[in-house]
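Single-structure report; data block below.
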Amino acid sequence: MNFFKTIKLLALIPIILVLGCKDDDDPVLIHPEVLSSSPAVDAVDVPTNSVIEITFSKEMDPTTINTSTFTLMEGANAVAGTYSYADVTAVFTPASDLKGNSTFIGTLTVGAKDIEGLALKSKYVFSFNTGVAPDIDAPMVTVNDPLNDAIDVALNKVISITFNEEMDASTLNGTSFFVKQGANSVDGVISYSNNKAVFTPNADLGDGLLFSVTVTTDVKDVAGNAIAAANLWSFTTDAKPTVTSIEPLDNATNAARNKVITISFNEEMDVSTINSTSFLLKEGLNAITGTIDHSSKSASFIPTMSLGSNLTYTVTVTTDVKDLGGNSIADDKVWSFTTGTVTGLQAVNLRASGNYVILAKTAINNSPTSAITGDIGISPAATTFITGFSLTDATGYATSAQITGKAFAADMASPTSSNLTTAVENMLTAYTDASSRPTPDFLDLGTGNIGGQTLVAGLYKWNTTVTIPTDVVISGSADDVWIFQISNDLTMSAAMNITLDGGAQAKNIFWQVAGEVVIGANSHFEGVILCQTGITLQTGASFKGRALAQTAVILDQNAVTKP
């Protein structure tokens, strides 16, 4: 071997020795990793009372697992809690139950270290979704029926209790829901539906007695939570109903001939027992026909025709009249009164607005050809807002082949403008007069449907729209007055008729309407309309009276005649 080659090989021996040798005391650096989490990644329906656990691949330094390295978030909200560590597992215990039906994200940063000080190999992020939060709240009572300390409770009353949530029906039974009268138990049947338990007595409750109701803490919701405290209440049943007032009074004189006879009771009555055989009106031996209207504690007899002048009438309400508990009045209620000569209701004074068969503030629109008998007027609107009449101008008025009378507008020559201003002011005053008449004889008659009715003279009031779907008769003498107060619309169906009977006159019939008036096609209407908005006569409708509107009157081939 060449000497120089030998020298080179000898020089490489230390390097080979260094590269080929390993020191058995030098440790291998193994960073900790997360092996699993609980709840698992993307777990669903996780109980809201869960704790969060992270299991590592090796023993960790517990001091490095804290609020800065281990967090749980619900949206932007950090979940508060405490940390613990044992057996390579870190546990986060929330301070309170987690929010139900929500997504949570847990994060463990590389700030977490093992006992050798080696950081977590990589940040660990996981998420899960909670399920419905368990119901741990005690159910609450929302309604007792009858109310505590209620009086005059019907003898056939069922007793009920309503809760704020779904209850376990099996816990509502004779030992947890019972009724007593003194020391005596009331027999009955218990039923349950829609959060409401009902106790139905097997027989009517006693008359005028005190009853107690008990619902114990054995009653539970479907989650097993009992009501917080026993629910106790009491009520008193009804005694026989008594009459509290009559109208007219016994032996009254000079009663209006359109008088409605009314009887009131101290409690709610069974309206089916107040009828033509139990509520009677007679003049001598002659029975008076009429209709009977009811409210919760009163009933009214409405004569079909105005009563005669200076005659004595007798009213009888029999013991067939009963309250809701089936209790009859103690004795027949009998009283008498004598009529005067008038109906007792004064006509509405139209003043200057009564000079017009049609008076409006904004427009009178006509679809030719109509036939108008009487003057028409409009103010403050101008002549151009009277359309469809082919008007011929004159000084201070206009004429039309469709008008037997004259047409007036606010822009016509003096004194037309000032006359119309006065007429419109008088129209508003008349409307207020009609609407403010107190103490109606008839309230919400027919609940607003007056079709088929015979309307005797008097003051009527409705808090609803009034409809006329079938023919109506207005019956009374030539001096009788009718005022109809309507808080919404008045609508008459097509081809219906208002007929006057007994001498009644259209000029004495006043329809005060806060809403819109619509008279159906080919119908016939009678009376003075005082409308706060607009009046529409549909095709072919006829009208005897006056159309006084605070907005517009719309015509379509109509016959309108002043009364």
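None of the figures in this text is laboratory data; all of them are computed from the coordinates on show. In this text, all values refer to a predicted model and were calculated from it rather than measured experimentally. Here the Cβ positions follow ideal geometry from the backbone for every residue, glycine too, while neighbour counts run over all protein chains shown.
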Checklist entry - Given H placed 1.01 Å from N in the peptide plane, which residues other than close sequence neighbours of GLY388 have an amide H under 5 Å from its amide H? => result ASN366
Item to check | Over 15 Å [Cα-Cα, the range 34-130], rounded percent | outcome: 56 percent
Checklist outcome for this item: Residues meeting the amide H criterion for LEU500 (H placed from the backbone, H to H distance under 5 Å, 5 or more places apart or on another chain) are ILE474
Next on the checklist: As a footprinting exposure proxy, order MET305, MET427 by other Cβ within 10 Å, with the fewest listed first.
Outcome noted: MET305, MET427
Checklist entry - Residues with amide H under 5 Å of THR319's amide H, sequence separation 5 or more or different chain, H placed in the peptide plane at 1.01 Å from N; which? => result ASP332
Item to check | Relative frequency of Cα-Cα separations exceeding 26 Å in the range 343-563, percent | outcome: 30 percent
Checklist entry - Over the range 141-237, what is the mean sequence separation of C-alpha contacts under 8 Å (at least six apart), divided by residue count, expressed as relative contact order in percent? => result 35 percent
Item to check | Karplus 3J(HN,Hα) series, Hz, for the range 125-130 with 6.51 cos²θ - 1.76 cosθ + 1.60 (x for Gly, Pro) | outcome: 10, 8, 9, 7, 10, 7
Checklist entry - Which value, in nm² and rounded to one decimal, describes the direction-averaged projected area of the C-alpha convex hull of the chain? => result 55.9 nm²
Checklist entry - Taking the range 141-237, how much of its Cα-Cα pair set, in percent, is spaced more than 20 angstrom apart? => result 30 percent
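Which value in deg cm²/dmol, rounded to the nearest 500, describes the helix-derived mean residue ellipticity at 222 nm for the chain, given -39,500 (n - 2.57) per DSSP H run of n ≥ 4 and division by the residue count?
-2500 deg cm²/dmol
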Checklist entry - Percent relative contact order of the range 34-130, based on C-alpha pairs within less than 8 angstrom and at least six residues apart? => result 35 percent
Checklist entry - Which distance in Å, rounded to a whole number, links the C-alpha centroids of the range 232-268 and the range 309-353? => result 11 Å
Checklist entry - Using the C-alpha atoms of the range 441-536, what convex hull volume per residue, in cubic angstrom, is computed? => result 73 Å³
Checklist entry - What pairs from LYS259/LYS461; LYS259/LYS361; LYS196/LYS297; LYS99/LYS121; LYS282/LYS322 go past 25 Å between their alpha carbons? => result LYS259/LYS361; LYS196/LYS297; LYS99/LYS121
Item to check | Relative pair counts by distance (%), Cα atoms of the range 279-425, 10 Å bins | outcome: 10, 27, 13, 10, 16, 17, 7, 1
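What is the order of SER400, SER57, SER68, fewest Cβ neighbours within 10 Å to most?
The order, fewest Cβ neighbours first, is SER68, SER57, SER400.
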Checklist outcome for this item: Using alpha carbon centers only, the range 537-563 is separated from the range 382-437 by a whole-angstrom value of 14 Å
Checklist entry - With a 10 Å Cβ neighbour count serving as the proxy for reagent exposure, in which order, fewest first, do SER367, SER418 appear? => result SER418, SER367
Checklist entry - Cα to Cα, under 15 Å, and not fewer than 8 places away if on the same chain: which aspartates and glutamates meet these conditions relative to LYS544? => result ASP375, ASP501, GLU526
Checklist entry - If all Cα-Cα distances of the range 243-339 are sorted into 5 Å bins from 0 onward, what percent lands in each bin, rounded to whole numbers? => result 3, 14, 27, 26, 16, 10, 3, 1, 0
Item to check | Estimated vicinal HN-Hα couplings, Hz - the range 364-375 in sequence order (Karplus 6.51, -1.76, 1.60; Gly, Pro = x) | outcome: 10, 10, 10, 9, x, 10, 9, 10, 10, 10, x, 7
Checklist entry - In whole Hz, what ³J(HN,Hα) sequence does the range 91-106 give by Karplus (6.51, -1.76, 1.60; θ = phi - 60°), x for Gly and Pro? => result 10, 10, 10, x, 5, 8, 4, 5, 5, x, 6, 9, 9, 10, 10, x
Next on the checklist: How many angstrom lie between the Cα centre of the range 137-197 and the Cα centre of the range 57-102?
Outcome noted: 48 Å
Next on the checklist: Suppose a student asked you for the relative contact order of the chain, using Cα pairs under 8 Å spaced at least 6 residues apart; what percent would you report?
Outcome noted: 8 percent
